[in-house]
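Reviewing the structure listed below.
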Amino acid sequence: KLLEKAARVQEQAEAEARRLAEEQARRAAEERRARRPQEIEARARALDSGPELRAAAAHLAAVDGALRQAHALPNPDLSFEVEDFGGNLPADAPSQRTLSIGQRVEWFGKRSVRVEAARLEREVADLEQWHHRHRLSRGLN
């Protein structure tokens, strides 16, 4: 009977130990889940406030602007010229005035090449930003 009682006490102790271990594991998991959003937010703030990433984001914005500009047609030119005035000419001598408007015409395919080059530059800038973010996030782990 003494051995049976010792075996029951040991079983009860083992069951209590398992219950306590499970309770401790559950509490630790809850703490990790509660802390996880704060860690994610802190990492995001650290990544977004870094000078390398801000510089990469600014470069990406500039490249986006260049891509939009590459799609645009060239602006027309407006010029105004005045000739034959002043100097040795009499005061009542008429001067010649010229107003001209011009539009540059690009050769076939030139614009598409410019747009493709800007698009590729945008991809490179995007990859550089990803590279900086990835490198910094590895450093925060």
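Computed values, structure above
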read-out	value
Filter result (among the aliphatic types (A, V, I, L, M) and within 23 Å of residue 109 (Cβ to Cβ)) within region 38-87	63, 66, 67, 70, 72, 73
Unique residue being out of contact with any helix residue (DSSP H, G or I) (no Cβ under 7 Å at 6 or more places or on another chain) and part of a loop (DSSP other than H, G, I, E, B) when the list is 111, 104	104
Where a residue in region 112-141 is touching a residue at least 60 places away in the same chain (Cβ under 8 Å) and its partner, wherever it lies, is small (Gly, Ala, Ser) and open to solvent by less than 80 Å² (accessible area, probe 1.4 Å), with Cβ under 7 Å and at least six apart	128/56; 129/56; 129/57; 132/56; 136/50; 140/46
Neighbours by Cβ (under 8 Å, 6+ apart or cross-chain): first from region 71-96, aromatic (Phe, Trp, Tyr); second part of a loop (DSSP other than H, G, I, E, B) and at pLDDT 75 or above	85/95
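Conditions tested, residue by residue: (1) over 11 Å from the mean Cα position of the chain (by Cα); (2) of a type in the set (Lys, Arg); (3) modelled with pLDDT under 85; (4) open to solvent by 50 Å² or more (accessible area, probe 1.4 Å).
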| residue | (1), (2), (3), (4) |
| --- | --- |
| 17 | yes, no, no, yes |
| 36 | yes, yes, yes, yes |
| 42 | yes, no, yes, no |
| 46 | yes, no, yes, no |
| 58 | no, no, no, yes |
| 65 | yes, no, no, no |
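The values are calculated or read from the model by the stated rules, or taken from the named source; none is laboratory data. Everything numeric here is computed off the predicted structure, so don't read it as measured data. FYI the Cβ positions are ideal-geometry reconstructions off the backbone, even for glycines, and counts take in every protein chain you see. Ligands, DNA and RNA are excluded from the accessible area calculation, which covers all protein heavy atoms including side chains. Shrake-Rupley method; radii C 1.70, N 1.55, O 1.52, S 1.80 Å.
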